[in-house]
Structure formats: C-alpha cells, structure tokens
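Note sheet for the following structure.
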Amino acid sequence: MTVAASDPAIAPGEEPEPSRARRTWLPVTLGLGLLFLLGTRAAWFFTIDDAYITFRYSDNLAQGHGPVWNVGEDPVEGFTNFLWMLWHTPFAWLGLDLAFVAKVTSFAAGAVALVLLVRHCHRRYGVVSAIVAGGAYAVFVPTYFHITGGLETMAFAALLLRVVIVGLRAVDGRPVRAWEPPLLLVLAGMLRPEGVLAALPAFAAWLWTNRRDRAAWLWTGGAAVAGGAYFAWRWAYYGHAFPNTFYVKFGNVDAGRIWLETTVPVLLPLLMCTLLLLLRKETRWPGVVLTATVGATYLTYVVSGPTMDYLHRFAYHAFPVLCLAAGLAAGSLRRRWLASGAGAVAVGWVAVTGVQAPDLALIANYGPDLARAHVPIGRGLADAAVPPALRSLAVNDAGAMPYYSRWTTIDFIGLNDEPIAHRTEDPTTRVTGARPTVIVVRSYDPGVPADAYGLDVGEATRGYEHLGTVQMREGYYCQLFALPEWADAVRVPVMAAVDKAQATYDPGRYEDTVDRWLDRLRPW
C-alpha cells in the first residue's frame, strides 16, 4: 500500500530523494532539537519520588542481594519497570548517581523519538508533516518533565513509537529486519507489564504482512520463548504473576473513567487526527495500526484508574504515537494550506493544554521540594547511630527516604509490601506488629494526622516520640516519630540534614506556583 504525498515535488507513494530530503528534514530536526534542549534544561532539577523505588531495587541487585526491596526478606515486586531497573544496575554497581543516569537515558530516548517522528513523516509527506509531528511533541511541556523525572516513561514512549513505525513500514510493503519487531515486543513487555498489549497491534501488522516469511516466524517463536521464560521467572521469583501495583490499584473503573475524561480533552486534536486516517482509503491501514495501538495502550489505564498520573504520565506512553498520527493526517491532506492549518491547530492545542495541566506548578517545584524533605530525611537516617539490626522504617512515601537511608522499610501504602498489597494485613496491623524504629507519615497541615493512607497514626505511633515536622511544600508535611530509646540518635542527624537542605533549596518558599519555577530559571 502507498500513500499520496502532499509535496508536489514528490511523486505519490515515493520517498523524497535522499540528498534533497536531508536538506529539509535536518533543519527541522535541528530547530526542534534546540527547543528540546531548552525544555529539558528547564526541567532538569525534577526527579519524582517513585523513581527512587526502582533505584533501590537496582542498588540491591548491584550489591548482590537480588532485585529485592528489603535485603534478607522474601522478594516483593514493587516496581513496574523491570528492564528499567535492570538498566540501572551496572551504574549502581559503579556508584554513579542513578537519578542522573535516568535523566541522560531518557533524554537520549526522547531525542531518538524526535528524530523518528520528523524523519518518518518527512519521508512520507514532506516538511509540513514533519513539523506537525515534531512540533506537537516538542511544544508539549510535560515532555520535558517525563524526560527528567527518573521513571521509564520516555523510554517506553520512544520504544512504542519505534514499534509503530516498524509496523507502518510493514503495512506499506517496505523492508523490515525480521528480528526487530519480535525483539521490540519482548523489550516492551519487560519495560512495562502492559507493554506487550500496547505493542501488539503494530507487531501483528508486521507478522501478517510477513506471514509467509519463515524468518519472521522463527524470530517470533524465539521472542515467545524468551518472553515466556521471563514471565515464568518473575512469577517464580516474586510469587505472583504481576507486580504489587496491579493488586493494589487494578480494577478501579470509576477512577479509570475520570482518567479518561481528563485525558481526552488534552489530546483531542491528536486523537481526531488518528481517527481521520481511518476515513481515507490511502491512509486507512496506517490509521488502523495507529488507532489500535493507542486504544490498546490506554485500555489498561481505563480499567485501572492510575494514580500518580502527574502531567498525564500514563497518557504520555502513546503521546509520540499520537504526534506521528497528527503529522501523517496533516500531511495526507491534498492542499498545503489545509495541511498547515490543521497542523497548527493540533500543535497549538497541545502547547496550551500542556501548560494548563493542573499539577504543573506542583511538579515544576517538586525537585527542590523533594531535595529539602525526603532526601535529607533519608540521608540523616543513614548517618544515625542506630545498630544495623534496628534500622527499620515505616513510610508512605516509599522513595527517596528508603533509598538514601538503606533501612529496612515497610511501605504501608502496599506497593512494596506483600501483606498489604494482597490484603492479608491492613497497614495499622502491619506497622504495629513490626514496631519499626522510625515512622514517617504525611500530613496536610503542621499537626499530626489521624490517618495516613489507611494507617491509624495514633495507634501505630503509640509509645513513640514525635521528633518533629518537616515541611515539603505548601500543604504537605512529614511527621517523624521514633522509639524513645533511639529518638536522640535519629533526631540529631536527620534534623541537621533537613536544616541544611531547607536553607539550600528554595529557602523560605513553599508555594505551588509556576512563578517559583520561573524565578528559579531566570539566572540562566
């Protein structure tokens, strides 16, 4: 199948002549690349607390303990990004800053995604198509926070984009390396549990077009064996078929409906462009692949209602794919003025909705807020004169504090705690039974809360000494408790680390406003 080109110098169904194409798509890439660099720099200080969960597993694996949450305990799977965890393990062994490694890796993945978008759309339809696809991707402010956040979001989005482009090449009858689609399918499933479902439509399109190719079936069989072996090992090692987050969160359809209602308006023009491809004969099959990919990707989130969906994180998994669809849809329009107008609407829409995200102010200031609360608490605990056998902690923010402290930790939300995740114990019973040396709970005002994510704070902290209150941001505080016999040993290093951090990162400013972020950017 071939698709007509809107550039009058390019014959329908043909790609631009290589030297001529290079003269046009490279400037587009370089121009958008400059914006990409500036956006990444503006968000560079941001790291999400959840990223440190993965880093803790990577660090324990690097130290020879296996991918576990607590050394010496039965393994639990509190992360949903196995390949991301594995990627960071050698860097943990080398003693490198894993947050920095994650940012650099995501930046590289994001840059590759930008090149893929511009190059593929330019080859199909020319410069307008390339600008629409790359522009929508580059002007969407959440792109840059997903690069620097420390999670696998950008890597997964770039991988899924590559899977789709491979599928589109197969649909168009163009050569595809027989090993690539099966490999990408396995990598997608290892990067996120729902990755196989998301990558399946494009993979199926490739396999169908190559159904008579023996090599395609051999590689597919090898991928099935490798993927099955990985799944079986995970199940045997962790004792459950899926990560803990599946058992804690999956099945909340009401929350999924709210997620869908929040997501659709943000991406509306891109979604409409994707559906538009289905209406025209020459773009119908690419439209099928793109629509099916977006639907398969979002299906998981519709039936699970994802939490911590900062800056539309889960919707972002298919965002580059939607940008690709917008570029193809605009480029397929016969008249250049119409293509340019439709593209301008799509790019302008996501530019506006990106900066109007309700949690942009919170996320834009999250890096310094984390660095002056959770990180110093963790570092202070690491320096506390508490015997190794008694270094036990219970928290609801199970990220930077457990990672930097290296203390044995109860995550009473349940993501990294099997009894809570599988509802064999409630948080209060779990914490009171373990009686950890230190308990840290969140509160939304300076006072001690009655409840924190299902934990009866009064019951759990009975007999503990309240060490103090650490403010993270406006309306969010950490309440610290310790067993009386270890209160002084914990208080001194923790509060010293907190005081230093509070004086370093946005001192005296706790408001969630974009202005605080912009003020921080002005020096450069």
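The values are calculated or read from the model by the stated rules, or taken from the named source; none is laboratory data. As the structure is a computational prediction, the values presented were derived from the model and not from experiment. Backbone-built Cβ (ideal geometry, glycine too); neighbour counts: all protein chains shown. The area values use the complete protein model at the heavy-atom level, side chains included, leaving out ligands, DNA and RNA. Shrake-Rupley method; radii C 1.70, N 1.55, O 1.52, S 1.80 Å.
Restricting the range 91-109 to residues that are open to solvent by 70 Å² or more (accessible area, probe 1.4 Å) and either touching a residue at least 40 places away in the same chain (Cβ under 8 Å) or assigned to a helix (DSSP H, G or I) (or both) leaves a set whose member that is farthest from L370 (Cα to Cα) is W93.
Would you mind stating whether L455 is open to solvent by 20 Å² or more (accessible area, probe 1.4 Å) and either farther than 15 Å from S392 by Cβ or touching a residue at least 60 places away in the same chain (Cβ under 8 Å) (or both)? It is false that L455 is open to solvent by 20 Å² or more (accessible area, probe 1.4 Å) and either farther than 15 Å from S392 by Cβ or touching a residue at least 60 places away in the same chain (Cβ under 8 Å) (or both). Restricting attention to the range 361-414 and to residues that are open to solvent by less than 10 Å² (accessible area, probe 1.4 Å) and hydroxyl-bearing (S, T, Y), the residue that is nearest to Q471 (Cα to Cα) turns out to be S405.
The set of residues in the range 192-230 that are surrounded by 16 or more Cβ atoms within 10 Å (Cβ to Cβ) and of a type outside the set (A, V, I, L, M) comprises R192, P193, E194, G195, P201, F203, W206, T209, N210, W219, T220, G227. Criterion first (surrounded by fewer than 23 Cβ atoms within 10 Å (Cβ to Cβ) and out of contact with any strand residue (DSSP E or B) (no Cβ under 9 Å at 6 or more places or on another chain)) does V112 satisfy it? In short, yes. Here E14 clears all of (1) open to solvent by 20 Å² or more (accessible area, probe 1.4 Å); (2) in a loop (DSSP other than H, G, I, E, B); (3) at pLDDT 95 or above except the condition numbered (3). Whenever a residue of the range 291-310 is closer than 16 Å to Y247 by Cβ, its partners that are open to solvent by 40 Å² or more (accessible area, probe 1.4 Å) and among the polar types (S, T, N, Q), lying with C-beta atoms within less than 8 angstrom and at least six residues away or across chains, give the pairs S304/N252; G305/N252.
Contact map, the range 364-384: residues that are touching a residue at least 60 places away in the same chain (Cβ under 8 Å) and more than 21 Å from L311 (Cβ to Cβ) paired with residues that are among the polar types (S, T, N, Q) and open to solvent by 10 Å² or more (accessible area, probe 1.4 Å), Cβ distance under 6 Å, separation 6+ or inter-chain. Pairs shown: R372/Q502.
Looking only at residues of the range 247-286 that are open to solvent by less than 70 Å² (accessible area, probe 1.4 Å) and aromatic (F, W, Y), we find that the one that is modelled with the highest pLDDT is W259. Could you list all residues from the range 428-447 that are in contact with a Gly (Cβ under 8 Å, 6 or more places away or on another chain) and either open to solvent by less than 20 Å² (accessible area, probe 1.4 Å) or more than 22 Å from D50 (Cα to Cα) (or both)? Residues satisfying the conditions are T428, D445. Report whether or not L322 is open to solvent by less than 10 Å² (accessible area, probe 1.4 Å) and not acidic (D, E). Against the criterion (open to solvent by less than 10 Å² (accessible area, probe 1.4 Å) and not acidic (D, E)), L322 qualifies.
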